[in-house]
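Notes follow the structure.
The values are calculated or read from the model by the stated rules, or taken from the named source; none is laboratory data. In this text the structure is predicted, and so the values were computed from the model without any measurement. Positions of Cβ are generated from backbone atoms using ideal geometry, with glycine treated the same way; all protein chains shown enter the neighbour counts. The accessibility values were calculated without ligands, DNA or RNA, using every heavy atom of the protein model including side chains. Shrake-Rupley method; radii C 1.70, N 1.55, O 1.52, S 1.80 Å.
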Amino acid sequence: MKAAVFAGQGRVEVTDVPAPTLGDDRDVIVAVEACGICGSDIRALSVPPVMRFRPGVVMGHEFVGEVVEAGSAMAHLRGQRVVAVPNVHCGRCHYCRANQPHHCDHFEHIGATTAGAFAEYCVVPGDLVHLVPAGLHSDVAALTEPLACVLNATTRAGWGPGSAVAILGAGPIGLLFVVIAKVAGARPLIVSEPNPVRREDAAFAGADLTVDPTTEDLVEVVRAATEGLGAEVLVDAVGTLLDDGLRCLRKGGKVMIFGCDERARITISPSMIVNRELSIAGSYITRGTFPLALLLLNDQQERFRPLITGRFDLEEIADGVNAMRDGRVVKALVYPHGAPRAADREPATPGAALVGKEG
Ligand SMILES: [Zn+2]
Ligand SMILES: [Zn+2]
């Protein structure tokens, strides 16, 4: 079958690989309908890489598809449309046995350390599969994994109606945070982003105020918008902005670090954390948040669907990676069995994605 593999040194190659087979009676094989290109794929493909993938691995972990083969223990899943948690925990380490599989010491990551879903077929443990609601479009369902990761952060961020929230970075992940913060009632909702097109996307997604941190003083803008106090919760969706993030917080505020850059090193002032009783938290992968992600995607599909602005055949995956890296598309999906014909697609939305447009 055709698959896109990580070929090292910034290269993704479409090549023929053996089709997957069932490992045991709890595995299922999914015919992949669509698979999103993730920021982590782009980071693995940068030179030098800022995220490590196994050389030769089939990439892709944000997928939706139909179960076409199932082990005997998973026969009930045959023919179902599913998404899957792409992190396979070991079940044996301290954290797995303490019912914290999201902290497993021996993860296999589908699409990074073990074969993923930029391929016609992908094998996954049936226990990690979730059924896609009948009314949820597959394109939107492909956002389940990134949204579930975002929800791991937001359910721990402790924000609610009236919370003053700032989000740094309005790439696809930052925009998912914006939509969720808006739905949660954050106010004001401030988004910092240097790219003007992405600032426009953030405004459509629900930001009350957008900031260009290259020409404006971020800390001053956040203070001015919050009666001089600062943000209650700030999300660093870039992963390198902790210093700025802490300075934007009010006393008792919290930074959620979401972006991941293994090379980033930050200098911060411990005394500011002490004197202002600030909290710093990181958020890594999903944490039992797939069901909530599917529920919200199904409820709010029209808010989420405009985030998908790029659709590519498997052979065009390198174009998709470049388009996302350059910010020409917000979220790109790859279709291993062929991208939908133009007539079946959403109208093109050059410039701003129309997230949150009323109606
Ligand atoms: Zn991802
Ligand atoms: Zn484990």
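Observations on the model:
- Sulfur and carbon atoms: percent of accessible area, the chain [1.4 Å]: 50
- Cα-based Kirkwood hydrodynamic radius, the chain, one decimal, Å: 20.8
- Sites listed here are trypsin sites (Lys or Arg not before Pro) in the range 62-146 whose DSSP assignment is loop and whose Cβ has at most 12 other Cβ atoms within 10 Å: 92.
- DSSP finds beta bridges in the chain, and of those with both partners inside it, around 55 percent are antiparallel.
- In degrees, nearest ten, helix 144-157 long axis to first principal axis of the chain (Cα): 30
- Among 137, 179, 122 - extreme Cα towards positive end, dipole of the chain, charges at beta-carbon: 179
- In the elastic network of the chain, a GNM with C-alpha springs shorter than 10 Å, the most mobile of 274, 67, 238 is 274.
- Probe 1.4 Å, protein heavy atoms only - accessible area per residue of the chain in square angstrom: 43
- Antiparallel bridge percentage (DSSP; both residues within the range 1-160; nearest 5): 95
- Rounded to the nearest 20, the Cβ-based charge dipole of the chain about its Cα centre (Lys and Arg +1, Asp and Glu -1) stands at 740 debye.
- Dividing the summed -39500 (n - 2.57) terms of all DSSP H runs of n ≥ 4 by the residue count of the chain sets its mean residue ellipticity at 222 nm at -7000 deg cm²/dmol.
- Crossing angle, helix 172-184 versus the chain [Cα axis fit, 0-90 degrees, rounded to tens]: 70
- For the chain, the longest principal axis of the alpha carbon atoms and the long axis of helix 196-205 meet at an angle near 80°.
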